[in-house]
Amino acid sequence: MRPLARSLIRPYVCPSCRSGRLPVRRQFASDAQVTPEIYDVVCVGGGPAGLGLLAALRASPATSKLKVALIETQDLQKARAWNLDSQHFSNRVSSLTPSSVSFLQKIGAWDHVDQDRAQQYQEMQVWDGETGSRISFDWSMETSPFEDLRTVATMTENSNLVRALLSRISASGDENISIFSNTTVSSIENGADLPDGPDLSAWPILSLSPTGTAPSQGPSRIAARLLVGADGINSPVRRFADISTDGWDYNRNGVVATLSLAEQDPVPFPLGTKTAYQRFLPSLGGPVALLPLPNNHATLVWSTTAENAAYLKSLSPKSFIAMVNAAFRLGMPDLKYMMAMERPTSSDVDDQHESELSWRLQHTPPSSPQPPLVTGVQEGSVAAFPLRFRHASTYVSPRVALVGDAAHVIHPLAGQGLNLGMGDVASLARTLDYAVTHGMDVGDILTLERYAAERYTTNAKIGGACDMLHKLYNVPGQGPIAWGRSLGLEVIERLPFVKGLLMRQAEG
Ligand SMILES: Cc1cc2nc3c(=O)[nH]c(=O)nc-3n(C[C@H](O)[C@H](O)[C@H](O)COP(=O)(O)OP(=O)(O)OC[C@H]3O[C@@H](n4cnc5c(N)ncnc54)[C@H](O)[C@@H]3O)c2cc1C
């Protein structure tokens, strides 16, 4: 348990009354006895979740009066100035569900997202590389033939979103808000009961230090009425609050890359309809997904074993492209063979993967679905991230709340991690709004319980479903499990009502 000096629910007593009750002692001024600057909400972490929370608090008339601070290790000036030309895309892209987009619209952040760089898609084709069973996710069952298909999700670069949130926060003015970028939270502890100041013994006090050689921007110690951990998987806030996590490493990597695509043939109908593709490859450790970006680009997320990820990363662009095209077209034995081919050692033999693919394609029946051919890979965009599952045992403790990856990290196969984070932020902002308008203490555990009650089960269900899908689609071969999962897909495909239900769950 997080050590607390005294009862957490002790009523507030003003300093002058308390000084009358305290024995007079000779004091030497030390850091711990100097009153730190006090904030209503301190958010650690300036990723999408932390910035989303700040933007939401600033957007509401009630919570915009709160004195808030955000601390981020990295240089947020770089995030503000992030800029790429229209033919280049970051390799960290997330599929935002309609409910995340509508939350961002509500807090006025979506207008700041560069829409020319975001791509909606209206259909998702998913199939099993082992058994060929398939399912398509779209809203055709709820759309008349005369209407445009509804959006399934919007692909948005994380940097585009972060820049938009920073811009939205700036537009809200600089009253009551402090952003300490290039600043690391080096330690967090409970404060002291200051004889000539407030009783902060149950309040988190953060020690801040400049990152690297950056000059110090602000105070070295601050106190938080409510401390929010939006500080990612290794959350220092979670550690301070002594909140444990359950979870495991998948021993899988997510290989990402920015790709260029050939024009789609036949032209999709209705014109402009975009499709995302995901093929499960049980013998290679996970699914490969091709998600559309503007101007005939796409982002790749290939979940596979660490060895396969290292192999893919080591390939030349030509061989890498051949492997990605193979992953969406060849049968499992062919793919496994290509994944084990010797790496070309010099550029004159750099077409081995390409020629192997074209030879094998001649002997492979055309796959259905048929994603567009990958024709290029953006230089420097191939990267791999370890995949993990973590879930905090609780999201709240007195004067502490966790949001985003600090609270939960899930397998990316359904593209839900950041969406869950946006759901947390929307819920916590609502909770704080309620507290402020009802005169409650924003850090009180009774206030925060509303947030935990709203989010914990939802996140557990979605994280658990992704974990189950990962396990189900990691059983190679044509045995009973493969049969069962194919049957499941076929049944869902034939029952529009069940499919609609699943899509609404994923939509948030
Ligand atoms: C391969 C892959 C694909 C994915 N695809 C999708 C997708 O399609 N859709 C989706 O919804 N999600 C997706 N996700 C998940 C998504 O990327 C994450 O859930 C999301 O980025 C987490 O955001 P966050 O703000 O909670 O945490 P982070 O982005 O990790 O931000 C935490 C911040 O806290 C800061 N910080 C940490 N410690 C300190 C400290 N001591 N002091 C100050 N600052 C600190 C860090 O610098 C960082 O900026 C994917 C993940 C992976 C790996």
Average Cα contact separation per residue, the stretch 313-442, under 8 Å, 6 or more apart, as relative contact order %
20 percent
Any trypsin sites (Lys or Arg not before Pro) in the stretch 273-319 that lie in a DSSP loop and have at most 10 other Cβ atoms within 10 Å would be none
With a sphere of radius 13 Å drawn around the Cβ of TYR250, what net charge do the other residues whose Cβ falls strictly inside it have (Lys, Arg +1; Asp, Glu -1)?
+2
Note on the stretch 154-257: alpha-carbon gyration tensor, axes a ≥ b ≥ c; rule is a/c under 1.5 for rounded, else prolate if a/b larger than b/c, else oblate; result oblate
DSSP-loop trypsin sites (Lys or Arg not before Pro) across the stretch 50-80, with at most 16 other Cβ within 10 angstrom:
LYS67
Going by average Cβ neighbours within 10 Å, how do the peptides 186-194, 288-296, 83-91 rank, with the highest at the top?
288-296, 186-194, 83-91
Total charge of the residues flanking ALA306 in space, meaning their Cβ is under 11 Å from its Cβ, with Lys and Arg +1 and Asp and Glu -1, is 0
Among GLN378, HIS391, GLN362, pick out the residue whose Cα is farthest towards the positive end of the charge dipole of the stretch 343-409, where Lys and Arg carry +1 and Asp and Glu carry -1 on C-beta, about the Cα centre.
HIS391
When the Karplus curve 6.51 cos²θ - 1.76 cosθ + 1.60 is applied with θ = phi - 60°, which whole-Hz ³J(HN,Hα) does each residue of the stretch 246-257 get, with x for Gly and Pro?
9, x, 7, 8, 7, 6, 10, 10, x, 8, 10, 6
Ordering of 170-177, 376-383 by burial proxy (mean other Cβ atoms within 10 Å per residue, highest first):
376-383, 170-177
Net charge, THR211 excluded, C-beta distance under 11 Å - Lys, Arg +1, Asp, Glu -1
-2
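A short reminder: the numbers here are calculations on the coordinates, not readings from a lab. All figures in this text were calculated on a predicted structure; none of them were measured in a lab. Cβ sites come from the backbone with ideal geometry, for glycine too, and all protein chains shown count toward neighbours.
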